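Some notes on the structure that comes next.
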Amino acid sequence: MKQFLLALAALLSSGTALAAQTLGSLPDKSPFLDLDDHMRFGVVAGWLATGSDVVGVGPRSAPMLGLRYDVPVGGPMYLTGSVFGANTTRTVLDYTKSAATRNIGTQSTGLLAANVSVAMALTGVRTWHHLQPLVNLGVGVVTGPGDKEDVSGYKFATVLSFSYGLGVRYATGRNSELRFDLNQYWWQLHYPELYRSTQGDPVAIKATGSLGSYTANTALTIAWSFRSFR
């Protein structure tokens, strides 16, 4: 009987220790889920809110469409290549007119941007409740295909762009996901020498300072991506 009681006490104490070790989340109850990451191809749609420049001839805000390709490069880091385009308009200024009348309307133009960025996942190579938040930093080029030189000699030139932003991946399945991004793109507009002219008014379009202006352009996008190789 004494041996039985000792054995029973040992069993109860081991059960108590085991219960103490199960505090926290069991694997099937954990909010975290490891990702089996591969290269992913995605289709992007959203809105590009263009920033104002000092003269006011930059492209206007417009819907945007694009493509993206994401590659895991080790640990929580990802490399992304993206391209997007937008059809928009811009203001045309006539340097031969007075300041009150030099705005002579708008003309159509396109925007086409290509960007390469590095993203870091804040939860590592796993999701939290199927969500993976990211921060990114990138560089690229932006151009204005179809834009024509106006009466003052201005057109949207091909320039470098710099970007940074936040994103969230939402795993919808083993091979697909939704992604939401809020990014800001910086690029510079270059103005023509005719913006210094006083032919139409004693006050030129850009009388002093640099013949250029940086603009901050915000893109809010949603993408559907799927695994490109299994």
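The values are calculated or read from the model by the stated rules, or taken from the named source; none is laboratory data. Because the structure is a prediction, the values reported are computed rather than measured. Glycine gets a Cβ as well: all are built from the backbone with ideal geometry, and neighbour counts include every protein chain shown. SASA here: full protein model, heavy atoms, side chains in, ligands and nucleic acids out. Shrake-Rupley method; radii C 1.70, N 1.55, O 1.52, S 1.80 Å.
Once you reduce the stretch 104-121 and the stretch 192-230 to the center of their Cα atoms, the two points are 10 Å from each other.
Contact order, relative form, for the stretch 105-203: 24 percent (alpha carbon pairs under 8 Å, 6 or more residues apart, mean separation divided by residue count). Accessible surface calculations at 1.4 Å, restricted to protein heavy atoms, place the stretch 156-222 at 51 Å² per residue.
Give me the distance in nm between label points sitting 7 Å out from Cα along the Cα-to-Cβ direction at D37 and E193, one decimal. Reported label-point gap for D37 and E193 is 5.1 nm. If you take all other residues with their beta carbon under 15 Å from the beta carbon of N217, and give Lys and Arg +1 and Asp and Glu -1, the sum is 0.
Positive-end ranking of A100, G81, L134 along the dipole of the stretch 81-181, with charges on Cβ about the Cα centre, is headed by L134. Solvent-accessible area of S210, all protein chains in place: 70 Å² (probe radius 1.4 Å, heavy atoms, ligands and nucleic acids excluded). Each label was represented as a point 7 Å from its Cα along the Cα-to-Cβ direction; for L178 and V71 these points are 2.9 nm apart. The spread of Cα positions in the stretch 29-181, taken along each principal axis and listed from longest to shortest, comes to 70, 24, 22 Å. About its Cα centre, the stretch 110-230 has a charge dipole of approximately 700 debye under the convention of +1 per Lys or Arg Cβ and -1 per Asp or Glu Cβ, with nothing else charged. Going by accessible surface with a 1.4 Å probe and the largest first, Y95, Y154 read Y95, Y154.
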